[in-house]
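One structure is given below, encoded as structure tokens.
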Amino acid sequence: MYKILFITLTFLITAQTKILAQQKSTYIKAGLLYDSKSNTLLKNKLIEIQGERIIAITDFKTLPKTQQVIDLSEYTVLPGLIDAHTHVLFSQEAQEDFAEHSVHSLTMESDALRVLRGSKRAKSYVDQGITSIKDLGNSGIYLDVSLRDAINEGSILGPRIFASGPILAAEGGQIYGVLPEHQDIIGLEYRIISGPEDAKNAVNEHVNQNVDVIKICADNIPNKTYLTVDEIKSVVNTAHAYHLKVTAHSITNQSAWNAIEAGVDGIEHGFNLADSTLVKMAEKNIYLVPTENSRAYMDTYAKLAGYNPNELGWIDSYIKKMKDRLHRAIDLGVPIVAGSDNYTDIKVSRGESSKDMFRYYAEAGMKPLDILQSSTYISAVHLNKTNDIGYIAPQAYADIIAVKGDLIHNFITTINSVVFVMKGGDVYINTTD
Ligand SMILES: [Zn+2]
């Protein structure tokens, strides 16, 4: 059995090498190329691609004649963007209550319907130049993994999905108000943890279903339950043994502190992080995914949700508080990873909605290239994927986009003017002609 397997593998590797040797190169001329590692813009670079990977970065003058060339010399070329916090299989209306919508979806929306709807949302990311997403739960029982596999095998179009499977959470998950006799419903959306040993089992189940990352709810606000430090430690130790990162949803400062004590790799949201917690994150190189929204998004949301236009003072205090938290995190040296967490239907495509994160980070005072680095290289680093995504470099996937305009002086308009999208060497969009 093993011998046959070995022979098969040897044959496959040889066949693969032969295919590579016969492949023709495609060249991209980049007028400006964003080097996401050094966080600089380079002029007149030539990207050579074979199959789904980049093989070399050189200068225009090295371009061989009679080769296939994609001329992006009038544009700025970037690695495909990464949204590190999505919920492709979840969508609610602005006026809907999260728990009520969840119960409704879990009892009245079939998995098939949910995945088909999710696949449309997934495609919309690629349309916006977001070629990878980290999808963090609220996706039924591994429907995110199914969607990822369907995209990877080419059955449907979509971004690379790094899927978490069901979120690991304490009793009740995030769905509040469900009666004890109906608690089974929660298990359709979350993996409920009861004790450190069970936490280990949960990670093993996830590994067995081929998840890419582990997501926990350090707290379940507004539910009062939370994972204990020992439970989170057990999750982290098991996940790290499989080289999987653990990222923690956290609303309260205490739950973030618990998660950090237990050794998680990242904190999602972190709305209420104290300076002492941020200092600890910086010391341990734990990233923060700030998932807030821009002023324009909040205004749209408030209108759709039916708020009284005279009572929108809370938006000002929300924006002020979140700007302050982002600044403190940056000043104290916490790595920032870009993520949207946009799952409310604000009547634009999901990909378009996700891009509001760029507007928010810019409004909060982050510089354009720093925002781009948070949505490319830094994001890839914290997923252990720098050899694959988030960086235009030899060996990486040819996930390459181009934008029209001046990124430095006109960031939002430019990042929203995507004229070219390539994923894995395949051109999805090219409106440069
Ligand atoms: Zn989320």
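The values are calculated or read from the model by the stated rules, or taken from the named source; none is laboratory data. Source: prediction; values computed, not measured. Here the Cβ positions follow ideal geometry from the backbone for every residue, glycine too, while neighbour counts run over all protein chains shown. Side chains are part of the model used for accessible areas, which takes the heavy atoms of the whole protein and leaves out ligands, DNA and RNA. Shrake-Rupley method; radii C 1.70, N 1.55, O 1.52, S 1.80 Å.
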Span from the the stretch 390-433 Cα centroid across to the the stretch 65-100 one, whole angstrom: 10
query: Taking the chain as a Gaussian network, Cα atoms linked when under 10 Å apart, which of D356, D135, D345 shows the biggest mean-square fluctuation?
result: D345
message: Using only the alpha-carbon atoms, what does the chain span along each of its principal axes? Please give whole angstrom values in decreasing order.
response: 70, 66, 44
- prompt: Got a number for carbon plus sulfur as a percent of the chain's accessible area, 1.4 Å probe?
  reply: 53
statement: Mean accessible area per residue over the chain (1.4 angstrom probe, all protein chains present, square angstrom) is 45
query: Taking the Cβ of D212 as the center, what net charge do the other residues with Cβ under 15 Å away carry, scoring Lys and Arg +1 and Asp and Glu -1?
result: -1
message: Tell me the net charge near S349. Cut-off is 11 Å between Cβ atoms, S349 excluded, with +1 for each Lys or Arg and -1 for each Asp or Glu.
response: +3
task: Could you work out which residue, out of Q183, Q23, Q95, moves most in a Gaussian network model of the chain, that is, has the largest mean-square fluctuation with Cα springs under 10 Å?
output: Q23
- prompt: In the chain, with Lys and Arg counted as +1 and Asp and Glu as -1 at Cβ, which of these residues, Y361, G137, Y343, has the Cα nearest the positive end of the dipole, that is, farthest along it?
  reply: Y361
- prompt: What does the charge dipole of the stretch 298-405 about its Cα centre add up to, to the nearest 20 debye, if the Cβ of each Lys and Arg holds +1 and the Cβ of each Asp and Glu holds -1?
  reply: 100
field: Protection proxy ranking, peptides 207-215, 50-58, average beta carbon neighbours within 10 Å, highest first
entry: 207-215, 50-58
- prompt: Under a 5 Å amide H to amide H cut-off, with H placed in plane at 1.01 Å, what residues pair with A56 once short-range neighbours are removed?
  reply: E48
- request: List, in order, the whole-Hz ³J(HN,Hα) value for each residue of the stretch 359-372 obtained from phi through the Karplus relation with A = 6.51, B = -1.76, C = 1.60 and θ = phi - 60°; use x for Gly and Pro.
  value: 5, 4, 4, 5, 4, 7, x, 6, 7, x, 5, 5, 5, 5
Value of [θ]222 nm, deg cm²/dmol, for the chain, DSSP H segments ≥ 4, -39500 (n - 2.57) each, nearest 500: -11500 deg cm²/dmol
field: Label-point gap, in nm, between L42 and H409 - each point 7 angstrom along Cα→Cβ
entry: 2.5
query: By DSSP, what percent of the beta bridges with both residues in the stretch 82-354 are antiparallel, rounded to the nearest 5?
result: 5
field: Computed over the chain: relative contact order in percent, which uses C-alpha pairs under 8 Å that are six or more apart
entry: 19
task: Sketch the reach of a paramagnetic label on K347 as a point 7 Å from Cα along Cα-to-Cβ, and name the residues of the stretch 302-330 whose backbone nitrogen lies under 17 Å away.
output: 302-309
- request: Give me the distance in nm between label points sitting 7 Å out from Cα along the Cα-to-Cβ direction at E205 and K284, one decimal.
  value: 2.5
- request: Name the long-range amide H neighbours of I429: under 5 Å, sequence gap of 5 or more, or other chain; modelled H, no Pro or chain starts.
  value: V421
message: Between N384 and D316, what's the calculated FRET efficiency when r is the beta-carbon distance and R0 is 41 Å? Round to 0.05.
response: 0.55
query: In debye, nearest 20: dipole of the chain around its Cα centre with unit charges on the Cβ of K, R (+) and D, E (-)?
result: 1580
field: 22 Å Cα cut-off, lysine pairs counted over the stretch 300-373 (separation 8 or more, or different chains)
entry: 12
Cβ-placed point charges (K, R +1; D, E -1), dipole of the stretch 262-357 about Cα centre in debye, nearest 20: 80
query: Stretch E261-T431 to full length: gain in nm at 0.36 nm per residue minus the Cα-Cα span?
result: 56.3 nm
